[in-house]
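Peer 1: What follows is a single structure, and I will ask about it in a moment.
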Amino acid sequence: MQLKIKRLHPQAVLPRRATPESAGLDLCACLDGPLTIEPFALVKVPTGLAIALEPGTVGFVYPRSGLASKFGVTLSNCVGVIDSDYRGELLIAMTNHSRQPYTIRPGDRVAQLVVTPILLPEAVWAEELDETARGAGGFGSTGFGAEGGVQA
């Protein structure tokens with residue numbers, strides 16, 4: 001399987017996996033110079049790339065765990081969704097949750113792209129829904145307490 005990628009900028013970096021079994025392809029910043037994300041600021045980081053996903057697939061853009069856990073820099077929207085019919089530039093919406101500025105340099109890995117099959121059901125109204133053991137039980141209803149064990 002191949003993912004067609006169009007280079008929109010000469011400095012764009014072809015996404016690649018860090019290891020052969022990595023689920024995500026690393027997306028790199030395509031910048032002319034350093035970009036500093038001030039504390040609690042939001043920025044859109046260009047990749048210089050456009051992709052052609054196959055129908056029936058979706059691209060999910062996830063944060064890089066090292067950036068988030070070490071520096072508090074992550075995606076503004078938690079997970080980005082790239083629809084298979086989108087052909088524009090991949091922009092990475094990022095935020096800095098720390099109290100320190102963080103600088104992204106040209107070519108830095110800023111996010112990861114995971115491509116996966118997706119179901120596309122038609123939404124329809126229903127008078128009734130199937131019954132389940134859980135029913136309408138919401139947050140905290142599955143029996144796990146603060147210690148993580150099953151409540152009696």
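Peer 1: Could you please report the charge total around Asp26, scoring K, R as +1 and D, E as -1 over all other residues with beta-carbon less than 13 angstrom from its beta-carbon?
Peer 2: Numbers: positive: Arg16, Arg17, Arg64, Arg109; negative: Asp108.
Residues close to Asp26 contribute a combined charge of +3.
Peer 1: Which one, (i) 37, 34, 32; (ii) 50, 30, 22; (iii) 57, 40, 32, gives Cα extents along the principal axes in Å as derived from the coordinates shown?
Peer 2: Looking at Cα extents along the principal axes in Å for this model, the match is (iii).
Peer 1: Using only helices, what value at 222 nm comes out for the chain when you add -39,500 (n - 2.57) per DSSP H run of length 4 or more and divide by the total residues, to the nearest 500 deg cm²/dmol?
Peer 2: Numbers: 1 runs with 7 residues, N = 152.
It lands at -1000 deg cm²/dmol.
Peer 1: Quote the relative contact order of the chain in percent (integer), defining contacts as alpha-carbon pairs under 8 Å separated by 6+ residues. Before the final figure, lay out each step's value.
Peer 2: On the way: 294 pairs, mean separation 42.7, N = 152.
Averaging sequence separation for qualifying contacts and normalising by length gives 28 percent for the chain.
Peer 1: Express the carbon and sulfur contribution to the solvent-accessible surface of the chain as a percent, rounded to the nearest whole number, probe 1.4 angstrom. Spell out each step's value before the answer.
Peer 2: Details: 5950 of 10700 Å².
Here it works out to 56 percent.
Peer 1: Further, regarding this structure: Leaving out ligands and nucleic acids, and using a 1.4 Å probe, what accessible area per residue does the chain come to in Å²? All intermediate terms of the calculation are to be shown ahead of the outcome.
Peer 2: Details: 10700 Å² over 152 residues.
On a per-residue basis, 70 Å².
Peer 1: Still on this structure, I have one more. Please give the Cα centre distance for segment 47-106 versus segment 1-42, rounded to the nearest Å.
Peer 2: Each part's Cα centre sits 8 Å from the other's.
Peer 1: Order 108-121, 45-58, 76-89 from most to least packed using the mean count of other Cβ atoms within 10 Å. Provide the component values of the computation, followed by the final result.
Peer 2: Working: 108-121: 15.2, 45-58: 16.9, 76-89: 13.1.
Ranked by mean Cβ neighbours within 10 Å, highest first: 45-58, 108-121, 76-89.
Peer 1: Could I ask something else about it? Which of Phe139, Phe40, Phe60 moves most in a GNM of the chain, Cα contacts under 10 Å?
Peer 2: Phe139
Peer 1: Moving to a separate point now. If packing is taken as the mean number of other Cβ atoms within 10 Å per residue, what is the order of 92-105, 5-18, highest first?
Peer 2: Numbers: 92-105: 15.6, 5-18: 14.1.
Ranking, from highest mean packing down: 92-105, 5-18.
The values are calculated or read from the model by the stated rules, or taken from the named source; none is laboratory data. If you're wondering where the values come from, they're calculated on a predicted model, not measured in any experiment. Every residue, glycine as well, gets a Cβ built from its backbone with ideal geometry; the counts of neighbours run over all protein chains shown. Remember, those area values only see protein heavy atoms, side chains included, never the ligands or the DNA or RNA. Shrake-Rupley method; radii C 1.70, N 1.55, O 1.52, S 1.80 Å.
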